[in-house]
């Protein structure tokens, strides 16, 4: 069933790389155990290699390098460099120039998931495949908006290699392949059994972990079975365990003695008719004695009870208990017919924790105090039962099942493959939260009437001052809370038929062809607790929590074809075209994409390549089907700022104070009016085997996306709303307040009006997704490999990768100015990334040193840039018997933390892309049973 081709002389390094990939499909496990350096040393100059499919094309070929660059990460790479998960390995890719929300974003919507962001376009703009097939999205939308694949539930024990195509590939794979394709290829035809144990911890405290992996398989005359299982247990880490982020005194922008804490407990007087505020404490007790009741509070110089340790209760790494399993089997019938089936399962249980809970009373009139009261009360860990007592529990279950047949036809000239698959991802979140009615009545008592002065109506209450200034006990806390449940599922079912082979011979070689037919259904269902809906008016509303619900389905049908045409012995043309038909509630009907590529090989060791591709992306389902949800966001009220004569662009000016910068409530829902996003990408570069042991590739890329779907940014909305309300823009140019665009902008923002308490502040605003105008990026990727084999000193392998972003531009609306995001100090994307590796093998010893460098970012004050981020990792391994191996690894050898930024005055006091974990150490033991 395998087609073969005789190769002429090639460099030993190129042949070794080819042999490594080909061995996945053609060799048993005993052959897979050989290192690439050993393969190269034993490899003759002329080698017979099998054709394989490499990501970026469905045509089988012997050449790994094609018209577009592909990065390969093998299972040995993952283990040798000390990575624990698929995401850990992909996070070091130089193409990963964007940033994503992670476990530091405990207040985010997906704090237990790991996403990729190639080229800084966003988590959903690269297609994630498992064995060439789509898998189910994470059931919770990223940032409450878009859908993406969670890399944390991929069974790492079963991975053979990961291929990363960094460029548009919709003509081959369809929607989402805008910034690239990540194809995670699982093990097959494995023969033998191997057990691996690994344990580790952090040197700064917390984060103990243990991992058990079993990989095995059997191969018969006409059958094979490969199986793998992995169990990972990981302890949480709290911010309290890192002394540089456990207190507001860690704010690098101020002297620790002058640091301002969050107010732990406050009873404020809204004096009727004056708009002035003052603080109230119980009669006969001063502020110091009041604060002293709470062990975590301190009396500040301003006379309030401050809570400096408010950040300490947040987790910076979740606790996880994860099991993944994998089965893959084949059975050969007569006439070159093979059946295959694959099953992947994952179960993950995690606990996450954001900052401790708080309560603010609704504005209410107390007749005893004879004032309108305004409160803020932080509940300390001691009151709630200790650190971690209010953790949110996340339970995830997923499976991916595929089965099919493959064979040959037309006198064995063509391979064919029919695959049916179904993947499902289930998630449940249980979160402890206050019941609004219970906590309000606990402190305020029942409402006894309504006060209606000339500037507004307020409920009349009997504020319980003693309760308010007395710490809760854990039992009382439990009586005030409930569990908020969120259930979500995501599914994808698909069928595909692929036919590939050689059509006919040209003087320069055969014309290769691949054709595909696909049909798929994608659906999701996100059910939030009804008590957190924005318009909930039932008997038990949840305090200070909203959520996003939604659900829908989408059918897709596709047909595609691609050709590989050898125009000359040194010149090959690749062309592909694909049509995708969508059936859902949007206006997206169908999309045609095409691509082309050229490979010019003037010599055996040098290639010039280039590619051009169109791409498209159907709107994320949650952008379409999201139900109305609520959220809180801090905004700069540009209208009131400019109305009062201030400049909203002045750094540190009056507009950045609490009078004009404050938290507002917003609502959001999906839109069925969205169109598909269209893109174009191009690459051009060289691949050069400089010597038999050294290779170099350099590629330039450019990606342009039009109609990108996103919510309107609050800063842009409020800038335009201010211009419409005032009749002029920031530069004094006249604006037609009655225009349709002004009606659109002002209609999204609701203000309170002017009275004695409120000064036309924003009450709430409406957000929804729309097709933006343009997003464009370009840059350079470079990779270098060198292999040195010696008789006495062993074998060395060196690797170096580099990506430099030359352009990242955005235009939000047609006619708007084009914003340079690459150099704009408001946007935190890396302009460059570098990674490297040195591997040394000597007798039974293997040594590896690897690392990466992330380039500079803007500082938090947007006045300059901070330094680069460099991490070094190391691993040593010793084969102690023919079957047993022990190893020791250190990640972040130098215990490096984030680059210094003296202006970062917000938790966690550094940009969230950087890890606060510090140094981690691991010991491992592997045993091969046969």
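Being assigned to a loop (DSSP other than H, G, I, E, B), out of contact with any helix residue (DSSP H, G or I) (no Cβ under 6 Å at 6 or more places or on another chain), at negative phi and modelled with pLDDT under 90 is the filter here, so list the residues in the stretch 637-660 that pass it.
Within the stretch 637-660, 647, 649, 650, 651, 653, 657, 658, 659 meet the criteria.
Could you check the stretch 582-593 and list, in sequence order, the residues that are within 28 Å of the chain's Cα centre (by Cα) and under 30 Å from residue 65 (Cβ atoms)?
591, 593
Could you say whether any residue in the stretch 368-377 is free of Cβ contacts under 8 Å to residues at least 60 places away in the same chain, in contact with a helix residue (DSSP H, G or I) (Cβ under 9 Å, 6 or more places away or on another chain) and not assigned by TED's automatic domain parsing to the domain that holds residue 131?
There is no residue in the stretch 368-377 that is free of Cβ contacts under 8 Å to residues at least 60 places away in the same chain, in contact with a helix residue (DSSP H, G or I) (Cβ under 9 Å, 6 or more places away or on another chain) and not assigned by TED's automatic domain parsing to the domain that holds residue 131.
For the stretch 464-503: of the residues being under 30 Å from residue 374 (Cβ atoms) and in contact with a strand residue (DSSP E or B) (Cβ under 6 Å, 6 or more places away or on another chain), which is surrounded by the fewest Cβ atoms within 10 Å (Cβ to Cβ)?
By that ranking, first place goes to 483.
Here are 663, 681: which of them is assigned to a strand (DSSP E or B), within 16 Å of residue 765 (Cβ to Cβ) and either without any contact (Cβ under 8 Å) to a residue 60 or more places away in the chain or assigned by TED's automatic domain parsing to the domain that holds residue 562 (or both)?
Just one listed residue meets the conditions, 663.
For the stretch 515-544, how many residues are within 26 Å of the chain's Cα centre (by Cα) and either under 22 Å from residue 557 (Cα atoms) or not in a loop (DSSP other than H, G, I, E, B) (or both)?
Of the residues in that region, 10 qualify.
Please go through the stretch 897-930 and give me each residue that is within 23 Å of residue 198 (Cα to Cα) and in a loop (DSSP other than H, G, I, E, B), ordered by number.
Within the stretch 897-930, 915, 916, 917, 918, 919, 929, 930 meet the criteria.
Could you identify the single residue in 634, 614, 593, 603 that is touching a helix residue (DSSP H, G or I) at 6+ places or on another chain (Cβ under 6 Å) and modelled with pLDDT under 95?
Unique residue meeting the criteria: 593.
Looking at 684, 698, 735 in this structure, which one is in contact with a helix residue (DSSP H, G or I) (Cβ under 9 Å, 6 or more places away or on another chain) and at pLDDT 90 or above?
735
Quick one: which residue in 310, 328 is surrounded by 20 or more Cβ atoms within 10 Å (Cβ to Cβ), over 30 Å from residue 392 (Cα atoms) and at pLDDT 80 or above?
328
Taking strands (runs of 3 or more DSSP E) that do not extend beyond the stretch 168-278, which have at least 3 residues that are closer than 30 Å to residue 575 by Cβ?
Strands (runs of 3 or more DSSP E) meeting the threshold: 180-186.
For residues that are within 30 Å of residue 839 (Cα to Cα) and in contact with a strand residue (DSSP E or B) (Cβ under 8 Å, 6 or more places away or on another chain), tally how many sit in the stretch 791-819.
Summing the residues that are within 30 Å of residue 839 (Cα to Cα) and in contact with a strand residue (DSSP E or B) (Cβ under 8 Å, 6 or more places away or on another chain) in the stretch 791-819 gives 13.
Based on this model, can you work out whether residue 504 counts as in contact with a helix residue (DSSP H, G or I) (Cβ under 7 Å, 6 or more places away or on another chain) and either under 30 Å from residue 132 (Cβ atoms) or not in a loop (DSSP other than H, G, I, E, B) (or both)?
Answer is no for this residue.
Is it true that some residue in the stretch 708-721 is touching a helix residue (DSSP H, G or I) at 6+ places or on another chain (Cβ under 7 Å), surrounded by fewer than 22 Cβ atoms within 10 Å (Cβ to Cβ) and at pLDDT 90 or above?
Checked against the condition, which is being touching a helix residue (DSSP H, G or I) at 6+ places or on another chain (Cβ under 7 Å), surrounded by fewer than 22 Cβ atoms within 10 Å (Cβ to Cβ) and at pLDDT 90 or above, the stretch 708-721 yields no hits at all.
Got at least one residue in the stretch 393-409 being under 30 Å from residue 235 (Cα atoms), touching a helix residue (DSSP H, G or I) at 6+ places or on another chain (Cβ under 6 Å) and not assigned by TED's automatic domain parsing to the domain that holds residue 494?
No: the stretch 393-409 contains no residue that is under 30 Å from residue 235 (Cα atoms), touching a helix residue (DSSP H, G or I) at 6+ places or on another chain (Cβ under 6 Å) and not assigned by TED's automatic domain parsing to the domain that holds residue 494.
Of the residues 609, 642, 617, which single one is under 30 Å from residue 752 (Cα atoms) and either crowded, with 21+ Cβ neighbours inside 10 Å or outside the structural domain of residue 167 (by TED's automatic domain parsing) (or both)?
The conditions single out 642.
With respect to residue 144, determine if the residue is farther than 30 Å from residue 222 by Cα and either surrounded by fewer than 24 Cβ atoms within 10 Å (Cβ to Cβ) or without any contact (Cβ under 8 Å) to a residue 40 or more places away in the chain (or both).
Yes, satisfied.
The values are calculated or read from the model by the stated rules, or taken from the named source; none is laboratory data. This one's a predicted model, so the numbers in the text were calculated from it and none came from an experiment. Every residue, glycine as well, gets a Cβ built from its backbone with ideal geometry; the counts of neighbours run over all protein chains shown.
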